[in-house]
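Down below is the structure, laid out as structure tokens.
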Amino acid sequence: MWRLKSFRGEANGFFVLTVDGISDRTAAEALTRQKLLAARDELPALESDEFYLVDLIGCEVQTVSGERVGIISEILNFGAQPQLSIARDERESALVPIVTNIFISYDSERRLVVVDPPVGLLDIDLK
């Protein structure tokens, strides 16, 4: 286990870390593109309007009109913005970007995410 000394986020969704015990470029390159895990109790406290993306997994998703979309099965990050992968009954999963005008709300107590997708976004699998 290493102790994190510093970090900075990059525009591509990756992070650059400085870690105790890794002091040269060769050792650092061996760790490139590794997943970083942290104990939940070591994460920073959140503001009332913040959440961790991992907390969305397993939440039900509804549209603003109350239509059930499905259950969030994973969060994908292709670089531009994270995407909700929503498992649906008898249909392909839907991908919905987490952006302000589409991702409307998250209720942690009800485990509910409300989205306002543009016309056709949830029907891409039908075409």
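The values are calculated or read from the model by the stated rules, or taken from the named source; none is laboratory data. None of the values given here were measured: they were computed from a predicted structure. Cβ atoms come from the backbone with ideal geometry, glycine included; neighbour counts cover every protein chain shown.
Before moving on, here are some points about what is shown:
- Residue list for the stretch 28-47, restricted to those being surrounded by 10 or more Cβ atoms within 10 Å (Cβ to Cβ) and either farther than 15 Å from K5 by Cα or of a type in the set (D, E, K, R) (or both): L31, L46
- Restricting attention to the stretch 25-71, the residues being in a loop (DSSP other than H, G, I, E, B) and not aromatic (F, W, Y) number 25.
- Residue in the stretch 98-116 that is surrounded by fewer than 14 Cβ atoms within 10 Å (Cβ to Cβ), on the phi > 0 side of the Ramachandran plot and either part of a loop (DSSP other than H, G, I, E, B) or of a type in the set (D, E) (or both) present: no
- Output for the stretch 1-24, where each listed residue is of a type in the set (D, E) and either under 19 Å from I75 (Cβ atoms) or outside any loop (DSSP other than H, G, I, E, B) (or both): E10
- Residue count for the stretch 58-71 under the criterion of being over 18 Å from V99 (Cβ atoms) and either loosely packed, with under 15 Cβ neighbours inside 10 Å or touching a residue at least 60 places away in the same chain (Cβ under 8 Å) (or both): the result is 5.
- Each residue in the stretch 111-127 was checked for being without any contact (Cβ under 8 Å) to a residue 12 or more places away in the chain and among the basic types (K, R), and 1 of them qualify.
- Pick from the stretch 72-95, criterion outside any strand (DSSP E or B) and at pLDDT 90 or above, ranking: surrounded by the most Cβ atoms within 10 Å (Cβ to Cβ): D89
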